[in-house]
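Following: one structure in structure tokens, then a few remarks.
Rule-based calculations on the coordinates, nothing more; no lab input. Just so we're clear, the structure is a prediction, and the values are computed from it rather than from any experiment. When we count neighbours, we look across all protein chains shown, and the Cβ atoms used for this are built from the backbone with ideal geometry, even at glycine.
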Amino acid sequence: MPNIKVKSEDWIKKGIELFSQGGIDALNVEKMAIILNCTKGSFYHHFKSREDYIDQILEYYYKSRKNMLESMGKLYNSPVEKLSRVLIGVFKNPRGLDFEFQVRKLAETNEKAQIHLNNLERERITYVSVLLSDCGVENAQLRAEMIYHYYLGWYQRNKFKILSDQALYEEVSKLSLISGIDLIL
């Protein structure tokens with residue numbers, strides 16, 4: 001007998017996982033109910049429709065990424081240290097870009113997905129741009145965009161690799177050149 005005490009957050013987290021792996025087609029209510037050991041009724045108890053569910057997944061992901069950036073920034077005092085930790089952190093521990101790859105595909109036909117993606121990217125680039133400006137770097141916005149685009153390409157080429165300390169050092173060296181700052185390892 002299925003357990004129907006599945007929370008909306010359980011559905012959303014499972015949706016993020018499945019969407020990351022297989023895109024929009026992976027969000028099959030019946031299959032997810034089996035995985036979550038509940039009924040389809042549980043899904044419709046929490047979400048008005050599949051579209052509502054997708055909107056809530058996008059909103060949850062967006063807020064979680066925004067909160068993560070904000071909390072990382074509070075851990076360090078100097079702008080160089082903040083920038084170093086943020087950039088090293090995303091290269092050392094890349095997460096979520098398969099989800100974002102799928103959002104890019106969805107955004108071709110879904111306006112809400114496009115809005116969430118644009119907001120997320122704008123906030124990331126702005127955050128790095130502000131840190132670069134705080135470090136006294138010229139052309140901070142342009143450099144932030146270059147760093148972001150470099151990272152997207154790097155991730156696609158390296159997402160299945162484990163980054164060694166030497167490889168991390170090499171990436172930090174490249175980021176130091178792009179940013180115009182000697183990043184702290």
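Numbers for the structure displayed
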item: Trypsin sites (Lys or Arg not before Pro), loop per DSSP, at most 15 other Cβ atoms within 10 Å - longest free stretch of the chain; result: 96-158
item: C-alpha long axis of helix 111-134 to longest principal axis of the chain, angle in °; result: 20
item: Percentage relative contact order, region 59-185, counting C-alpha pairs under 8 Å, at least six apart; result: 31
item: Compactness relative to 2.2 N^0.38 Å, alpha carbon Rg of region 1-47; result: 1.04
item: Furthest towards positive pole of dipole, GLY89, LEU185, VAL130, structure part the chain, Cβ charges; result: GLY89
item: Mean projection area, nm², convex hull over Cα of region 22-139; result: 9.1
item: Cα long-axis angle, helix 79-92 against the chain (0 to 90 degrees, to the nearest 10); result: 50
item: Whole-number percent relative contact order across region 1-47, with pairs defined as alpha carbons under 8 Å at least 6 apart; result: 52
item: Nearest 10 degrees, 0 to 90: helix 50-74 Cα axis against the chain principal axis; result: 30
item: 25 Å Cα-Cα threshold exceeded, pairs from LYS5/LYS105; LYS7/LYS48; LYS7/LYS105; result: LYS5/LYS105; LYS7/LYS105
